[in-house]
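Submitted below is the structure of interest, expressed as structure tokens.
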Amino acid sequence: MDTMIERINALKKEKNAMIIAHLYQKAEVQDIADFVGDSFELSKKAKENDAETIVFCGVHFMAESAKILSPHKKVLLPRSDAGCPMADMVSEKEVKLLREKYPDAAIVCYVNSSAEVKALSDICCTSSNAVKVVESLPHKQIVFIPDENLGNYVAKQVKDKEIIPFKGYCITHKLVTREEVIRIKNEFPEAELLVHPECTEEVLGEADFAGSTAQIINYVKHSNKDTFIIGTEEGILHKLHNENPGKTFYLASPKLICMNMKKTSLEAVLDALENETTEIVLEDEVRERAYLSLNRMLEV
Ligand code: 13P
Ligand code: SF4
């Protein structure tokens, strides 16, 4: 293990590479990363760094976003098969049809989407800024793709706009049920329930706080409570435990594991650095148009 970490660190230096990882990654992958964060922080980090190569430990749309924002860098996704089923739920054709059906609406696209879909949208958002992004738009009507739960969550906060959510969903967060969270809340009545807005509306209705992974971490850091039930992917527990040794965390459901996020291993990271696999390559036109949507989000 140590030799593998030493080789990763040596290659990183040699190739002027930076390893960035999402908070759902395996603990050992988070530990070797130069930066760990939520989708919004990772997009910003991909844009603002001096590395020549970015090794992206996450899923495909995240590495693609890094390439869109840093076209001159080599962006490597250690496991080319690490995708996000939600991102695959909306196609270019469907976005074009939505545009025709709602000509006056803005199309707001969650970053969990392909570069082609971003290119056809007006602006991107992440779970940490979706409300702010929608509020920033002059449009009264918003088509929100692809996550229905996040779309409904935004609609609850932004009352003066009509939000039309697409029917996509996260296959992991969707598995958490209201009954399950009620049971665990009854078991630990002193605990606060913190969930990701990709959870269903019924689960969100039971929560004390909803936010992106980084917002959940920030909430715990500033809370004077010491017991929490966490309604998002289990990888987040690594940082929560490290940063809050005196606090107790329970996962809202044992089903909160994203198999795609868990594909990346230290071996895969080493292989990516040694063999420069798998490089993200995008068509210029798609990349340039997707850049506009992502960059508008970063400017909000
Ligand atoms: P955030 O890290 O932005 O909260 O997103 C979670 C997620 O599901 C990424 O796929
Ligand atoms: Fe996609 Fe859900 Fe996994 Fe996030 S947790 S990458 S939304 S499947």
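Each value in this text was obtained by applying a stated rule to the coordinates, not by laboratory testing. Everything quoted here is computed from the prediction, not taken from an experiment. All Cβ positions, glycine included, derive from the backbone under ideal geometry; neighbour counts span all protein chains shown.
As a check on your grasp of the helix formula, calculate [θ] at 222 nm for the chain: sum -39500 (n - 2.57) over DSSP H runs of n ≥ 4, divide by the residue count, round to the nearest 500.
Computed mean residue ellipticity for the chain: -12000 deg cm²/dmol.
Also: If N is the number of residues in the chain, what value comes out of its Cα radius of gyration divided by 2.2 N^0.38 Å?
Normalised Cα radius of gyration, the chain: 0.99.
Throw me the Rg/Rh for segment 40-153, computed over C-alpha atoms with Kirkwood Rh, two decimals.
0.98
Direction-averaged shadow area of the convex hull around the Cα atoms of segment 87-170, nm²?
Mean shadow area of the hull around the Cα atoms is 4.6 nm².
How high is the relative contact order of segment 220-300, in percent, with contacts defined as C-alpha pairs under 8 Å that are six or more residues apart?
24 percent
So who's got an amide H within less than 5 Å of the one on Leu251, skipping anything under 5 residues away but keeping other chains? H placed 1.01 Å off N, in plane.
Correct list: Ile230.
So for the chain, averaging the separation of alpha carbon pairs under 8 Å that are six or more residues apart and normalising by length, what relative contact order in percent results?
Here the relative contact order equals 23 percent.
Can you give the relative contact order of segment 87-170 as a percent, counting alpha carbon pairs under 8 Å and 6+ residues apart?
Once divided by the residue count of segment 87-170, the mean separation gives 29 percent.
May I pose another question? What is the spin-label model distance, in nm, from Asn152 to Glu267 if the labels are put 7 Å beyond Cα along the C-beta direction?
My value for the distance between the label points is 4.1 nm.
Please work out the C-alpha center-to-center distance from segment 275-300 to segment 36-107 and express it in whole Å.
7 Å
Something else now. Which ³J(HN,Hα) values, rounded to whole Hz and listed in residue order, are derived for segment 140-153 from phi using the Karplus coefficients 6.51, -1.76 and 1.60 in 6.51 cos²θ - 1.76 cosθ + 1.60 with θ = phi - 60°, glycine and proline given as x?
Each residue's phi maps through the Karplus curve to give 8, 10, 10, 8, 10, 10, x, 8, 5, 5, 5, x, 5, 4 Hz.
Which whole number of Å³ per residue matches the convex hull of the alpha-carbon atoms in segment 173-251?
75 Å³
Moving on to the next point. Apply the Karplus parameterisation 6.51 cos²θ - 1.76 cosθ + 1.60, with θ equal to phi minus 60°, to every residue of segment 159-169 and state each ³J(HN,Hα) to the nearest whole Hz, in sequence, with x for glycine and proline.
Per-residue couplings from phi come out as 7, 8, 10, 8, 9, 10, x, 6, 9, x, 7 Hz.
Can you list the HN-Hα couplings for segment 266-277, worked out from phi with the Karplus curve (6.51, -1.76, 1.60; θ = phi - 60°), rounded to whole Hz and with x for Gly and Pro?
After applying 6.51 cos²θ - 1.76 cosθ + 1.60, I find 4, 4, 5, 5, 4, 4, 4, 6, 5, 10, 6, 10 Hz.
Between the DSSP loop rule and a limit of at most 13 other Cβ atoms within 10 Å, which trypsin sites (Lys or Arg not before Pro) in segment 119-166 are left?
Lys140, Lys159
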